[in-house]
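What follows is calculated from the coordinates using simple rules that are stated; it is not laboratory data. Quantities reported herein were computed from a predicted structural model and do not represent experimental measurements.
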Amino acid sequence: MLVRVHAFIDANLADTALTPGLVAATHHISLRYLHRLFETGDTTVAAWIRHRRLEKCRQDLADPVLHAISVSAIGARWGLPDSAHFSRLFHRTYGLPPVEYRRSCLLPAAAAGVHG
């Protein structure tokens, strides 16, 4: 069941309405049972959703193909439409604001292109 729940969450990260309640209802299980499933991984459903969203944002910010997409648009793309909230979460999780993280990832690639 947990594998199906993880797959559902990953497939619906962009949906700002993605909540533990929606996940439980979609899988026809109680919210209590859903929370118990996540206890085995020492996390909560909401923390897992947040983690997966931030991870997708981190991947997009590091992708040179997506450099023209704004940081706030990337956050919104993965269900984090409030840019200030997204920036705080990202900074707390990865130690850098998303703009600086992107710059740190893309500058080496840009420098290699200039000298390559």
Sequence-separation-based contact order of the chain, relative, with Cα cut under 8 Å and 6+ spacing, percent: 23
Average projected area [Cα convex hull, the chain], square nanometres: 8.0
C-alpha long axis of helix 2-11 to longest principal axis of the chain, angle in °: 50
Viscosity 0.692 mPa s, temperature 37 °C, Stokes-Einstein D of the range 8-47 from Kirkwood C-alpha radius, µm²/s: 317
